[in-house]
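Following: one structure in structure tokens, then a few remarks.
What follows draws every value from the coordinates through simple rules; no lab data is involved. Just so it is clear, the structure is predicted and the values come from calculations on it, not from any experiment. Here Cβ is always computed from backbone atoms with ideal geometry, including for glycine, and neighbour counts include all displayed protein chains.
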Amino acid sequence: MSSQAMRVILNGQTLLLGEVPELPIQAFRDAILEGTRSGARLACLCAASDLRLFAVLAGDAEKCLRVAWTRLDGPRYPALTPECPQAHLFEREIAEQFGIIPEGHPWFKPVRYHLPWSDQPSPWGRDANSLPAVMDFFKVSGEEVHEVSVGPVHAGVIEPGHFRFQCHGETVFHLEIALGFQHRGIERALLGGPHPLSLKQAETASGDSSIAHAWAYCRILESLAGVEVSSRTDRVRGVALELERAANHVGDLGALSGDAGFLPTASYCGRIRGDWLNLSAEVCGSRLGRDWLKPGGLHQDLGPVMATHLGPRLAQAWTDTKDAVELLWGAASVMIRFEVAGRLEATQAREIGLVGIPARACGINVDVRKDHPYGPYRDHPIKASLAESGNVHARAWVRWLELIESQRFLADSLGALAGSDPDPRVGPLPSLAADSLCVSLTEGWRGEVLHLALTDGQGRFARYKIVDPSFHNWFGVALAMRGEQISDFPLCNKSFNLSYCGHDL
Amino acid sequence: MMHILLSRWRQGHRTLPYPKELPTLPRRFRGLPKIQAEKCPEGCRVCAEVCPTEAIHLGAKGPEVNLGRCLFCPDCSEACPEGAIEYTQDHCLSVSSSEDLIVIPGEAFRRAEAMGAELKRVLGRSLKLRVVSAGGCNGCEVDVNVLGTLSWDLGRFGIQFVASPRHADGLLITGPVTRHMELALRKTYDAVPHPKIVIAVGACALQGGPFFRQDEQLGGVSKVLPVDLFVPGCPPHPLTILDGLLRLLGRLKD
């Protein structure tokens, strides 16, 4: 049995559950193992009620997704992780949320440290008062080996997480990351939805990626309701997403520069990031793009007058950005720091299923906008920005190339929007398709954002799964730190700049 | 070196002249809500019904908006058939007590007051804050961080974010306080020497924000610690946060 047994589905397509193949567990496992062996990525593996498992494989080269599901006889099945490492966190999550045990999982630990939603007991025998990072960590022992423990409360203005380093002098043998401190229960909150708060919860799943998550959420609802938005609305959504990307990339390049002790770019970019955020605020009143999108259309439109007004401000922000960032590439002391730190091999990146910037920095040509195009990216393609060396420099360089692409897209789009009248305001969506499955992907600034919805007989969410790119990528930080100096951790960590709440949900 | 100097010349001096002059806010910025209850039709409950966080309560004088819950989304102002509720450009939203978070039609909004004389003597000229994200989505966090950039240059007001609670005069807390962060937050608070202050920033830290119904969080900082300053918003604009800090230090008057 191969991944051919799975059903091909396009980004944002809705299928009736009856159209999604139900495979026996053996065939389900084989389909995932064979699919990932032949180059597909495991974009999502999750459980739903009644011992069901759903899998989404992303065939990035063939530009399609594949879905299938299985129903288990009991709360256990043979783990995929030993043969397919990229399943490791998904399988731990399945165990934590539904008490289903992936037998033979080599790294079987909680993800967010909550109890199963169902009546199943905690697979780790934990109780309601158990706290994150209270567990056995991987330990290196021996003379002169020491352990460094950091967090949850860190030194900067940053979200909480716990990092446990096994070190020999300065050298890090291994880093284990324990998250879950930010767990707010988003997926549980979405059950039975869509609720009036669901859009706000999607926007704050990872609050610096509001547009990426809001857009994925809107496309789920629109697809389930059978509604198509206009190409003009799509273009405005594209502007929202690329502004979000530009602001965050500028901020990251500045912060990376600061971590290497190069202050000119750090201080300029800190300010210029605000100039990009303020462009979003001009349209929707919020610097982080809150209340810009809504299911069916836009909460707040970007009309021709505003598009004309934003054009010169975009040009100025871009001029300042170029000036500040080009200094960085010319600073030899920064380049040498960037080039020797945090290297990840492409083979490792593929094995653990990295997405977004860290994947492209290893030369892996994945970008949802190109591979599974949606909205404006169908007619206005984006080139994936790639680097080869997989180190901090490559991750910084990919951000820079993406900034150039985003700026081009934004200038073109504002030009086009300046000459087109706003769409009429949209009313509420019709009811959602019952007993259906929909998968929606967007490319946030960190990487692939996946939302998956399963509706019940009344068209309510029986399951809503969110996969933030950080969920795929945190393990990449741990691998990139192996053999590095512990003093390079801030630089390595910043080069990924992953979301804690996006992981913890 | 020449490139750096040239850039310095091109980029110029960009620190905002605030508080001497107010920076321009975006035209669609949503600040303090203004309620004109006299426009409300008899028995109309539209604003209260559309509010996703149940921030609007119909009181004796008309709709009352709880800024502790408010996400500053346009739902109520768009839904109101009479235009009785609208957001103004007023960014001064911080208050000193949770009762003051309620905006009541016809009543003056009580902005944050300065800290007491003794506290001001100790902390007024140099305030070091430790930031703790207790379930924040990184929205409030990034806009707190912005205050440290050269546009806002928080240091010129004597305020600084420090790396350890033991170096701090108080905590600035974001997020609804997830159950998983409660202990870490309490320990961090205990590590701050007396006298100390607590500042809650953002809708989550005030009353749970978009997650106020979830068991996984506690419903805001005041469920765990005494709060001296409440800064509403989702997330609050950096100007709103800075305004709150300066009011607490007695540097701004109406």
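Using mean Cβ contacts within 10 Å as the protection proxy, how do B:30-38, A:422-430 order, highest first? Don't skip to the answer; put the middle values down first.
Values: B:30-38: 19.2, A:422-430: 12.8.
Answer by packing, highest mean first, reads B:30-38, A:422-430.
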Report task. First obtain the Kirkwood hydrodynamic radius of the stretch B:163-254 from its Cα pairs, then insert it into the Stokes-Einstein equation at 10 °C and 1.306 mPa s, and state the resulting D in µm² per second as a whole number. Result -> 118 µm²/s
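Once the Cβ-Cβ distance between A:Leu72 and A:Asn365 is put in as r, and R0 is 30 Å, what FRET efficiency do you end up with, to the nearest 0.05? Could the numbers behind the result be given before it?
Numbers: r = 35 Å, r/R0 = 1.18.
Taking R0 as 30 Å, the efficiency between A:Leu72 and A:Asn365 is 0.25.
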Query - Residues in the stretch B:221-253 that a label on B:Arg121 would reach, taking backbone N under 20 Å of a point 7 Å out along Cα→Cβ - result: B:248-251
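Could you estimate the translational diffusion coefficient of the protein assembly as shown from the Stokes-Einstein equation, with Rh from the Kirkwood formula over C-alpha pairs, at 37 °C and 0.692 mPa s, in whole µm²/s?
Working: Rh = 26.4 Å.
Rounded, D is 124 µm²/s.
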Query raised in the report: For chain A, what is the relative contact order in percent, using Cα pairs closer than 8 Å and at least 6 residues apart in sequence?
Result: 18 percent
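Residues of B:21-29, mean number of Cβ from any other protein chain within 10 Å of their own Cβ, rounded to a whole number?
Details: counts 0, 0, 1, 1, 4, 11, 6, 9, 6.
That works out to 4 on average.
Only Cα pairs under 8 Å and at least 6 apart count here; give the relative contact order of the stretch A:264-327 as a rounded whole percent.
Result for the stretch A:264-327 is 39 percent.
Just counting partner chain Cβ atoms within 10 Å, what average do the residues of peptide B:142-154 show around their Cβ? Display every interim value, and only then the final one.
Details: counts 11, 6, 1, 7, 8, 1, 3, 11, 5, 7, 3, 1, 0.
So the per-residue partner count for this stretch is 5.
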Query raised in the report: In nanometres, what is the gap between the two model label sites at A:Leu401 and B:Lys34, each 7 Å from Cα along Cα-to-Cβ?
Result: 5.1 nm
Requested in this report: Work out the length of the dipole vector of the stretch A:70-135 about its Cα centre, built from +1 on the beta-carbon of each Lys and Arg and -1 on the beta-carbon of each Asp and Glu, and round it to the nearest 20 debye.
Outcome: 120 debye
Report task. Please list, in chain and number order, the residues 5+ apart from A:Asn391 or on another chain whose amide H is under 5 Å from its amide H, with Hs placed from the backbone. Result -> A:Leu344
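In peptide B:48-61, what is the residue-averaged number of other protein chain Cβ atoms found within 10 Å of each Cβ?
Working: counts 0, 1, 1, 1, 7, 3, 2, 0, 0, 0, 0, 0, 0, 0.
The shielding value for this peptide is 1.
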**Report entry** Set of the stretch A:176-203 residues, backbone N closer than 16 Å to the point 7 Å along the Cα-Cβ line of A:Asp50
**Finding:** A:192
Report summary line: With x for Gly and Pro, the residue-by-residue ³J(HN,Hα) of the stretch B:227-233, computed from phi through the Karplus equation 6.51 cos²θ - 1.76 cosθ + 1.60 at θ = phi - 60° and given in whole Hz, is 10, 9, 8, 10, 10, x, x
Query raised in the report: Amide H to amide H under 5 Å from A:Tyr77: which residues, 5+ apart in sequence or cross-chain, H placed 1.01 Å off N in plane?
Result: A:Ile101, A:Glu103
Query raised in the report: Which residues' amide hydrogens lie under 5 Å from the amide hydrogen of B:Leu127, considering only partners 5 or more residues apart or on another chain, with H built in the peptide plane?
Result: B:Ile159, B:Gln160
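Determine the percent antiparallel among the DSSP beta bridges restricted to the protein assembly as shown, to the nearest 5.
Details: 61 of 81 bridges.
Taking every DSSP beta bridge with both residues in the protein assembly as shown, the antiparallel ones total about 75 percent.
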Query raised in the report: Which of the listed residues, A:Pro373, A:Leu42, A:Pro116, is farthest toward the dipole's positive end in chain A, when Lys, Arg count +1 and Asp, Glu count -1 at the beta-carbon?
Result: A:Pro373
Requested in this report: May I ask you to work out the translational diffusion coefficient for the stretch A:93-150 at 20 °C, viscosity 1.002 mPa s, via Stokes-Einstein with Rh from the Kirkwood sum over Cα pairs, reported in whole µm²/s?
Outcome: 164 µm²/s
Requested in this report: Using label points projected 7 Å from each Cα along Cα→Cβ, tell me how many nm separate B:Met1 and A:Ile25, to one decimal.
Outcome: 7.0 nm
Report summary line: Under the 7 Å Cα-to-Cβ spin-label approximation, B:Lys61 and A:Arg7 lie apart by a distance in nanometres of 5.8 nm
**Report entry** Percent antiparallel among DSSP beta bridges (both partners in chain B, rounded to 5)
**Finding:** 40 percent
Query - Principal axis dimensions, largest first and in whole angstrom, of the stretch A:118-258 by Cα - result: 66, 49, 21
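Which FRET efficiency value, to the nearest 0.05, is calculated for A:Phe173 and A:Ala315 with the Förster distance at 60 angstrom and r the Cβ-Cβ distance?
Once rounded, the FRET efficiency stands at 0.75.
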Query raised in the report: Considering the zone a paramagnetic label at A:Val305 would reach in this model (a point 7 Å from Cα along the Cα-to-Cβ line), which residues of the stretch A:269-290 have amide N under 19 Å from it?
Result: A:279-286
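Relative contact order of chain B: what whole-number percent is it, with Cα pairs under 8 angstrom and at least 6 residues apart? Please report the intermediate quantities before stating the final value.
Working: 492 pairs, mean separation 51.6, N = 254.
The normalised contact order for chain B reaches 20 percent.
Once you charge only the Cβ atoms, +1 for Lys and Arg and -1 for Asp and Glu, what is the size of the charge dipole of chain A about its Cα centre, to the nearest 20 debye? Provide the component values of the computation, followed by the final result.
On the way: 48 positive and 59 negative charges, 115 e Å.
Approximately 560 debye in magnitude.
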Query - Per-peptide average of other Cβ atoms within 10 Å, ordering A:314-323, A:215-224, A:165-174 highest first - result: A:215-224, A:314-323, A:165-174
Report summary line: Taking 0.36 nm per residue of separation between A:Lys63 and A:Asp435 and subtracting their Cα-Cα distance, the length gained on full extension comes to 131.3 nm
Requested in this report: Rank-order A:189-201, B:12-24 by packing density, defined as the average count of other C-beta atoms within 10 Å over each peptide's residues, highest first.
Outcome: A:189-201, B:12-24
Query raised in the report: Between A:Ser420 and A:Arg460, what length in nm is gained on full extension when 0.36 nm per residue of separation is reduced by their alpha carbon distance?
Result: 10.8 nm
Report summary line: Between A:Ala346 and A:Arg408, Cβ-based FRET efficiency (R0 25 Å, step 0.05) works out to 0.40
Requested in this report: With both partners inside the stretch A:51-150, how many of the DSSP beta bridges are antiparallel, as a percent to the nearest 5?
Outcome: 75 percent
Query raised in the report: Quick one: which of B:Lys34/B:Lys120; A:Lys109/A:Lys370; B:Lys128/B:Lys223; A:Lys494/B:Lys120 span more than 30 angstrom between C-alpha atoms?
Result: B:Lys34/B:Lys120; A:Lys109/A:Lys370; A:Lys494/B:Lys120
